Amino acid sequence: MRLSTRIALWAAAVVPLLVLLAGLLLLPLVGRDLRHQQDARLAERAAAVLPSARTLVAADTQGRPKAEQNQQRKVLDAALDSGVRVTAPDGTVLLAGGPQPADDRAFPTTPGGPVTVRDHGTAWRVLTVRVPGGEAGSGGTLWVSESGGLAGSQTATVRRRVLFVAALAAPISALIGFVLAERATAPLRRLSRRASELDPAASPGDGDGDGDGGPGGGGEPRVGRPGAAARFAAERSGTAEVDELATALALLLSRYDEQALRTVQALETARSFSAAASHELRTPLMSLGTNLDVLAAHHDLPPAERAEIVAELRDDHARLLDLLTALGTLARGDLVEVDSFGPVDLAELADAAAAEVRRRHPAADFTVELPPELRLFGWEAGLRMLLVNLLVNAAVHGRGGAERTEPARVTVRLAPAGTLALLTVDDTGPGVPAGEREAVFHRFHRRRDSPGSGLGLTLVAQQAALHRGTVRITEPPGGRGCRVEVRLPRPDADAPTLRLPARRDWIAGGEH
């Protein structure tokens with residue numbers, strides 16, 4: 001049932017009920033006011049009749065019949081439409097005229113204010129007044145009466161009118177309530193229409209003819225309508241409650257859009273991971289299979305050849321592990337959220353990374369120059385991956401000499417540079433030609449003699465981009481070897497303003 005219909009029904013039920021309740025409160029008040037008016041009228045009639053009644057009683061006492069008749073006429077004229085009854089001191093009825101009880105016993109014997117008496121089921125309002133006489137102790141009694149049903153009939157009339165108004169108020173209040181409810185709920189209907197237009201399954205290009213984002217359109221996967229939530233919240237209806245609801249819906253939609261986009265990115269990352277793994281694992285798996293077939297088919301291989309095949313199997317196994325680990329790490333970087341970031345001491349991380357790589361490559365010579373502390377806001381696990389991969393790359397590719405048999409000498413420096421943290425890793429290897437310095441950060445780019453997966457520097461570039469930093473390859477000041485230079489911004493660790501890149505598809509090999 002529509003809200004306006006509900007309001008109309010409630011108005012049709014409540015307004016007549018309120019009218020009836022008001023009538024219940026009003027009827028006793030009306031009855032009391034009518035009795036007061038009747039009593040005041042009786043008192044007024046008694047005051048007008050009393051002088052003539054006194055003269056009538058005196059004329060009867062003195063035996064003056066003509067005077068008595070004249071006074072009777074005056075009494076009746078002064079009483080108007082009220083009933084009047086006058087008795088002599090001995091109880092003799094001197095005058096009885098107008099509407100009054102037929103039973104003499106119905107009249108009160110004691111003077112006082114107006115009282116209600118009943119005569120054969122009929123109610124009468126009677127005022128009793130003592131008529132003073134000429135002699136001490138003498139005097140008659142005057143009764144002025146009116147039918148008590150007059151107030152009752154008028155109260156019944158008011159009751160009927162209240163019922164009529166209540167019956168009439170039902171359809172009228174329902175109509176008025178419906179009209180007012182339709183006007184009041186118009187902003188809600190507009191809000192509902194705007195909300196129904198925000199179809200999260202539709203692409204932003206629907207209906208505009210460009211086909212961007214639709215099936216076969218060649219665009220990237222799209223969800224929701226970017227910017228629609230902001231436009232949704234910006235439209236104001238002038239009704240505070242509706243505007244608050246619109247703001248809440250806009251916030252919900254914006255969060256939904258963010259989560260839907262992250263879901264699409266997660267699905268794309270999963271697809272890219274599967275495609276990259278299947279492509280890159282094919283060669284080492286085939287090599288593993290070939291070597292296993294040789295071992296299975298030739299049980300009498302010489303020990304030297306068997307040892308060589310086993311070494312190749314170990315190398316292929318290590319390469320598989322490195323490749324899967326690197327792909328998993330790359331996928332983590334593509335899916336990380338801002339809530340994983342926090343205050344980090346980069347100097348402490350660099351010292352720990354250098355100690356770890358020393359254990360893995362004991363032949364390499366490491367020189368570490370670090371400040372006591374250098375704090376920034378970042379993803380601790382990602383920065384650790386960046387540092388470890390940089391140092392491992394320098395230890396593996398930084399060997400010197402013509403035959404590259406000299407141990408690698410690696411120098412790690414970290415220092416603040418204004419609002420940036422500057423990290424440099426120098427080695428004494430052959431370096432990277434200027435034409436290949438951008439390509440080394442691409443996915444699976446590696447030298448023929450490289451034992452790695454080709455993803456180490458890709459991970460470095462990914463983490464630099466996630467932290468809104470830069471990475472580049474240059475030459476050391478001496479001109480020999482290779483220098484990797486990473487610059488990371490240092491937002492306030494307690495009040496960061498970091499925003500992650502909107503597009504993260506390093507595992508898919510996208511351009512950044």
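The values are calculated or read from the model by the stated rules, or taken from the named source; none is laboratory data. The shown structure was predicted, so the numbers you read here are calculated from the model rather than taken from an experiment. FYI the Cβ positions are ideal-geometry reconstructions off the backbone, even for glycines, and counts take in every protein chain you see.
If the condition is being under 30 Å from residue 175 (Cα atoms) and surrounded by 16 or more Cβ atoms within 10 Å (Cβ to Cβ), then the stretch 21-35 contributes only 23. Take the conditions (1) closer than 27 Å to residue 321 by Cβ; (2) modelled with pLDDT of 80 or more; residue 440 misses just one of them, which is (2). Residues being under 30 Å from residue 55 (Cα atoms), in contact with a Phe, Trp or Tyr (Cβ under 8 Å, 6 or more places away or on another chain) and either at pLDDT below 85 or charged (D, E, K, R) (or both) are entirely absent from the stretch 167-178.
Filtering the stretch 348-381 to residues that are within 43 Å of the chain's Cα centre (by Cα) and buried (at least 22 other Cβ atoms within 10 Å of the Cβ) leaves 376, 378, 379.
Of all the numbered requirements in (1) of a type outside the set (A, V, I, L, M, F, W, C); (2) on the phi < 0 side of the Ramachandran plot; (3) at pLDDT below 85, residue 426 misses one, and that requirement is (3).
Condition check ((1) buried (at least 21 other Cβ atoms within 10 Å of the Cβ); (2) part of a loop (DSSP other than H, G, I, E, B)) across all residues:
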| position | (1), (2) |
| --- | --- |
| 85 | yes, no |
| 89 | no, yes |
| 102 | no, yes |
| 113 | no, no |
| 117 | no, no |
| 124 | yes, no |
| 128 | no, no |
| 131 | yes, no |
| 144 | yes, no |
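Do we find that residue 58 is modelled with pLDDT of 80 or more, among the aliphatic types (A, V, I, L, M), buried (at least 18 other Cβ atoms within 10 Å of the Cβ) and within 30 Å of residue 90 (Cβ to Cβ) in this structure? It is false that residue 58 is modelled with pLDDT of 80 or more, among the aliphatic types (A, V, I, L, M), buried (at least 18 other Cβ atoms within 10 Å of the Cβ) and within 30 Å of residue 90 (Cβ to Cβ). The residues on offer are 89, 114, and the sole one that is modelled with pLDDT of 80 or more and in contact with a Ser or Thr (Cβ under 6 Å, 6 or more places away or on another chain) is 89. Among residues of the stretch 1-19 that are farther than 22 Å from residue 167 by Cβ and in contact (Cβ under 8 Å) with a residue 60 or more places away in the chain, those with a Cβ under 6 angstrom from a residue that is assigned to a helix (DSSP H, G or I) and of a type in the set (S, T, N, Q), sequence gap 6+ or separate chain, pair up as 3/185; 4/185.
State whether one or more residues within the stretch 69-81 are assigned to a loop (DSSP other than H, G, I, E, B) and more than 20 Å from residue 132 (Cβ to Cβ). Within the stretch 69-81, one or more residues are assigned to a loop (DSSP other than H, G, I, E, B) and more than 20 Å from residue 132 (Cβ to Cβ). Residues of the stretch 453-465 include none that is surrounded by 19 or more Cβ atoms within 10 Å (Cβ to Cβ), over 23 Å from residue 379 (Cα atoms), at pLDDT 80 or above and not assigned by TED's automatic domain parsing to the domain that holds residue 325. Looking only at the stretch 411-422, decide whether some residue is more than 30 Å from residue 338 (Cα to Cα) and either surrounded by 22 or more Cβ atoms within 10 Å (Cβ to Cβ) or in the same structural domain as residue 469 (by TED's automatic domain parsing) (or both). Yes, some residue in the stretch 411-422 is more than 30 Å from residue 338 (Cα to Cα) and either surrounded by 22 or more Cβ atoms within 10 Å (Cβ to Cβ) or in the same structural domain as residue 469 (by TED's automatic domain parsing) (or both).
Residues that are within 14 Å of residue 145 (Cβ to Cβ), in contact (Cβ under 8 Å) with a residue 12 or more places away in the chain and surrounded by 14 or more Cβ atoms within 10 Å (Cβ to Cβ) are absent from the stretch 61-69.
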